[in-house]
1. Report for segment 1-75 the percent antiparallel among DSSP-assigned beta bridges with both residues inside it, nearest 5.
2. Taking 0.36 nm per residue of separation and subtracting the Cα-Cα distance, what length does fully extending Asp129 through Leu169 add?
3. Assuming 0.36 nm per residue, please report the length gained on full extension of the stretch Arg52 to Asn245 beyond their Cα-Cα distance.
4. Show that you can apply the helix-only estimate: for the chain, add -39,500 (n - 2.57) for every DSSP H stretch of four or more residues, divide by all residues, and state [θ] at 222 nm to the nearest 500.
5. Sorted by packing (mean other beta-carbon atoms within 10 Å per residue), highest first, where do 163-169, 9-15, 101-107 land?
6. Could you state the per residue volume, in Å³, of the convex hull enclosing the Cα atoms of the chain?
7. On a C-alpha basis, how far is the centre of segment 46-68 from the centre of segment 184-239 in Å? Whole number, if you could?
8. Which length gain, in nm to one decimal place, applies between Leu267 and Leu108 when the Cα-Cα distance is subtracted from 0.36 nm times their residue separation?
Amino acid sequence: MKKKIRVGIVGCGAIGSYLAKTITARFQNFAVLEALTDLRPEKAAALVRKLRTKVRILNQEDLVRSCDLIIEAASAKAVGPVVRKVLHRRKRVLVMSVGGLISDPGLLKQIQASNGRVFVPSGALTGIDGLLAARMGKIKKVSLVTRKPPRAFAGVEFLEERNIHLNKLTREKLLFSGPAIRAVKAFPQNINVAAVLSLAGIGPAKTQVKIYAVPSLKRNVHRVEIEGDFGRMVTQTENVPAPGNSKTSYLAALASAAMLKKIFGTLQIGT
Ligand SMILES: NC(=O)c1ccc[n+]([C@@H]2O[C@H](COP(=O)([O-])OP(=O)(O)OC[C@H]3O[C@@H](n4cnc5c(N)ncnc54)[C@H](O)[C@@H]3O)[C@@H](O)[C@H]2O)c1
């Protein structure tokens, strides 16, 4: 029998909780959930109670030491410290807060030079599989158009500084047009989709992003368009929120579980 992979989760919110349940209920033949950690220890304790299995609550250092595969599902700020600890020990890490990767060029270089492994799921976007294939040839253009209901932009400093108010909006309004590198700074809640697309394709300076507020929308909609040697590809994803966090798309949690399945399994499908 194969040795089970010991998994540790950093961040016990919507995605961390979903993955913890998935590992204990569906991947128990391949993996064992070894440890959890959270900035708010009560969240880790609450998750352990819900799981009804023996899982240790450790600090970050001890969690990395005692696990083979670490899942970061915490925040962009957590990415640097977690990934560096994992690489130091030549282990494997799955990163959800992808914005934390592209905003730290030093970390990306460290990853490339390391003997560890870093997994980035496609998250709330579709089309990443095709983009990865297209990248093996030449890519001319990668663009992302995101449409969200106005309430999704509450508290965005970029809009407040420009005196843009969306509460009385009756028609769709273009809020941003420019490269992903600027989009992720202006709209931090759009950071992960733009970051995944940039990493998979032609980088944050060349990936073009448009962001609209649309009053009639109930879902977050991402339209990706890619042109290259292969031809042209257009995908549209209409996301419903994940249980436990209305700002996180359910597909992002599902994509991370699908990536775990790929890591644990022997038959790997898709790019
Ligand atoms: N890749 C994607 O497409 C995608 C999609 C949605 C969300 N995300 C990102 O994934 C991460 C998790 O999302 P979520 O919906 O589960 O968030 P969440 O807010 O529901 O949970 C995050 C948890 O992490 C904890 N936390 C925060 N900083 C921490 C740290 N430094 N160390 C330990 N714990 C910490 C919080 O206390 C909280 O319990 C977020 O950064 C989010 O932006 C990525």
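1. On the way: 0 of 12 bridges.
The answer is about 0 percent antiparallel.
2. Numbers: separation 40, 0.36 × 40 = 14.40 nm, distance 3.57 nm.
Result for the pair: 10.8 nm of gain on full extension.
3. Values: separation 193, 0.36 × 193 = 69.48 nm, distance 2.24 nm.
Answer, rounded to one decimal: 67.2 nm.
4. Values: 11 runs with 101 residues, N = 271.
My calculation for the chain gives -10500 deg cm²/dmol from helical runs alone.
5. Values: 163-169: 11.3, 9-15: 25.6, 101-107: 17.1.
The peptides rank, most packed first, as 9-15, 101-107, 163-169.
6. On the way: hull volume 36.9 nm³, N = 271.
Cα-based convex hull of the chain, divided per residue, equals 136 Å³.
7. After rounding, the separation between the Cα centres reads 34 Å.
8. Working: separation 159, 0.36 × 159 = 57.24 nm, distance 2.84 nm.
Residue separation times 0.36 nm, minus the Cα-Cα distance, leaves 54.4 nm.
The values are calculated or read from the model by the stated rules, or taken from the named source; none is laboratory data. All values reported here derive from a predicted model rather than from experimental measurement. Positions of Cβ are generated from backbone atoms using ideal geometry, with glycine treated the same way; all protein chains shown enter the neighbour counts. For accessibility, only protein heavy atoms count, side chains too; no ligands or nucleic acids. Shrake-Rupley method; radii C 1.70, N 1.55, O 1.52, S 1.80 Å.
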